[in-house]
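Heads up: the structure comes next, in C-alpha cells.
The values are calculated or read from the model by the stated rules, or taken from the named source; none is laboratory data. On a predicted model such as this, the values are computed, not experimentally measured, just so you know. Every residue, glycine among them, receives a Cβ derived from its backbone with ideal geometry; neighbour counts consider all protein chains shown. Heavy atoms of the whole protein, side chains included, go into the accessibility calculation; ligands, DNA and RNA do not. Shrake-Rupley method; radii C 1.70, N 1.55, O 1.52, S 1.80 Å.
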Amino acid sequence: MSAEATAEAAAETGRTGGLTFPQGFLWGTATASYQIEGAANEDGRGPSIWDTFSRTPGKVVGGHTGDIACDHYHRYRDDVAMMADLGVQAYRFSIAWPRIQPDGSGPVNPRGLDFYERLVDELHGRGITPIVTLYHWDLPQSLEDRGGWTDRETSERFAEYAAVVHGRLGDRVGTWTTLNEPWCSAFLGYGAGVHAPGRTDPADAYAAVHHLLLGHGLAAARLRAAGARQIGITLNLAPIGGGDPEAVAHVDGLQNRIFLDPVLRGEYPADVVERARRFTDWSFVRDGDLDVIGAPIDLLGVNYYSPTTVELRAGQEANPVHPGSEGIAFVQGDEEKTAMGWSVKPSALTELLLRLTRDYPGTPLIITENGAAFDDVLDGGRVADERRIAFLDGHFRAAHAAIEAGADLRGYLVWSLMDNFEWAEGYAKRFGLVHVDYASQRRVPKDSALWYREVIRRNGVQA
Ligand code: FCB
C-alpha cells in the first residue's frame, strides 16, 4: 500500500477492529517542568525566562504563571502513584535548568538534583521508566540576559548543564532527549514573541535555531562520552498539505526540514538557507558545527498534534511564526477542531511517520507528545471526555498503521499526564488525562485515563 493509501485507510473515524501493538511497545505520559512543578522559589531555584514572561502583562491568558501550577514539586509521590495506578510504563518529564544552575552556569545547586533523583527513584520503585528531557523551554533568565539562544555561549552552557545532570542521574536514566521542540523556542520565542523570551526579530530566530541545534549536538556528545544509553531530540513536526508545491516546500522547510536535515543529515536544506538570506547571512554557522549537530542519535522524538495546510495567495501578509511567508495563506477546512483550534486529522500522523521512515531512514521513532485539549467538565466527580478518547483512539490506530507499513515506532507518550500550565494559554486549556482542580490540587482521572489504562493493559485498542 502507498503511504497515502495507508494514511487514508487509517483515517476512518469511528473504531473498527481491535489492534495489537508490537511486543515491548512503550506506553506512557509526558509533562514538562515549568508546566507542572510550581515551587518556583524553593530550594534555590533561579528565575527562568518563563517566570519573567508570564509576569509581563498581556503575555499569558489571565496573567497566569507557573508559580504553583500542579504543585508537582511537593506532590510527585502521589503523582507517580497515580501513574502506577493507570499502568503507565514510561514517564517523560523535563529537568528545570534553573533548579540545577540557578544562574545558568557555574555553581550547581544540589537540592535541584536531589529533587529529580527522588522523582527518578520513585518512578523506578513503581516500575515506570523515566525519559528525561533536558530542556523544555525554561532557560535560566541570566543566560537570556546575556543573549539567550542568540548567543553561542548558551549552547556551551547547555552542554555543561547536561553533563551535570547526567553525572547525577546517568546511572538510573537510560533515555535522554536534549531539546523539546526547538522550533517553538526559536520561532515563537525569538521570532513571533508569543512565547518566552518574547523577542520579535527573525534574525534572532534563525540564530536561535542554530544555537539550539548546536546545544543539542554538544550536549549529545557529552552524554555519549559519559555512557548514556539512548540519546535523542524531540521535534514538533507536521505534514504540510495543500495544492501548491512551492508553498508546501516553503513551509515544510521552515517547520520540519530546518531541524530534521541538520540533525539527521548534517546539513541545512539549501532552499531554506536561500530563503532566509533576507533576514540573516548565517554567519553564526561555524566550521565543524554541522558535524557536531549531525552526529548519530538513537531515537527521534516526534511531537504531533495537527497538520498544516497552505496555499499561495497574492497579497497575504507573512505569518509572524514563519518569517518570510508572505504570499502564503494558512488555511483550515471545516474538519473537527480541538479547544486549541487545531484540526483533528489522525491520518496525518501515519503520513508523518512514513515520511520520516522514507526520508530519514535508520533512526527509531517515539511519539513523545500527542493529545488534545477539550472543554472538559468535572461533574459528580467524573470527567466524561469522550472526544479525547476518540482523538487518542484515532491517533493510536494511525500510529499502528504506520508500524504495519514499516515505521520503526517504539512507543507513545500521551500529552499530558494531567492538566497543566499551557504556556501562553495559562490554565485555560486542559490537555490532561487527569483533571486538576487548581484551587484544591485534587486530581481526578478522566474517562480517557481509565480508557488508556485498558489500552496499556491490552497493548492495543479494542474494536
Ligand atoms: C507542545 C509542548 C507542550 C505542550 C503541548 C500542548 O508544543 O511541547 O509543552 O504545551 O504542546
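Highest average first, the peptides 388-394, 89-95 ordered by how many other beta carbon atoms sit within 10 Å of their residues are 89-95, 388-394.
Express the relative contact order of the stretch 319-434 as a whole percentage, based on alpha carbon pairs under 8 Å and six or more residues apart in sequence.
29
With a ≥ b ≥ c taken as the square roots of the eigenvalues of the C-alpha gyration tensor of the stretch 59-134, please select rounded if a/c is under 1.5 and otherwise prolate if a/b is larger than b/c or oblate if it is not? The shape class here is oblate. Counting Lys and Arg as +1 and Asp and Glu as -1 over every other residue whose Cβ lies under 15 Å from the Cβ of TRP415, the net charge comes to -2. Simple spin-label estimate for GLU42 and GLU160 gives 2.8 nm between the two label positions (7 Å along the Cα-to-Cβ direction from each Cα). For the pair GLN332 and ASP67 in one chain, pulling the backbone fully straight at 0.36 nm per residue adds 91.9 nm over the alpha carbon distance. Expressed as a whole percent, the accessible area of the stretch 380-463 that falls on carbon and sulfur atoms is 46 (1.4 Å probe). One chain, two ends: ARG265 and GLN23. Fully extended at 0.36 nm per residue, the span grows by 84.1 nm beyond their Cα-Cα distance.
For the stretch 258-340, the gyration tensor built on C-alpha atoms gives an oblate shape. Its axis ratio a/c (a ≥ b ≥ c) is at least 1.5, and a/b is not larger than b/c.
Can you give the extra length, in nm with one decimal, that the chain gains between ASP244 and THR200 once fully stretched, where that is 0.36 nm per residue apart less the Cα-Cα distance?
Working it through step by step, the gained length comes to 13.0 nm.
Counting charges near PHE279 (Lys, Arg +1; Asp, Glu -1) among other residues having Cβ under 15 Å from its Cβ returns a value of -2. Each Cα pair under 8 Å and six or more residues apart adds its sequence gap; the mean of these over the residue count of the stretch 248-293 is a relative contact order of 35 percent.
With a 1.4 Å probe and all protein chains left in place, how much accessible area per residue does the chain have, in Å²?
Counting only protein heavy atoms, the per-residue value for the chain is 36 Å².
Between VAL377 and TRP282, the simple label model (points 7 Å from Cα in the Cβ direction) yields a spacing of 5.4 nm.
For the chain, the tally of Lys pairs with Cα-Cα distances below 17 Å comes to 4, considering only residues 8 or more apart or on different chains. Only Cα pairs under 8 Å and 6+ residues apart enter the sum, and on that basis the relative contact order of the stretch 5-150 stands at 29 percent.
May I ask you to list, by number, the DSSP H helices of the chain whose Cα span along the axis is at least 18 Å and whose average Kyte-Doolittle hydropathy reaches 0.0 or more?
The qualifying helices are 202-225, 346-359.
Computed over neighbours whose Cβ is under 14 Å from that of LYS59, the net charge equals -1, Lys and Arg +1, Asp and Glu -1. Spatial offset of the stretch 56-80 relative to the stretch 277-320 amounts to 30 Å, using the alpha carbon center of each. Restricting attention to the stretch 251-403, close to 60% of DSSP beta bridges with both partner residues there are antiparallel. Please state the shape class of the stretch 347-463: rounded when a/c is under 1.5, otherwise prolate if a/b exceeds b/c and oblate if not, all from the C-alpha gyration tensor. Prolate.
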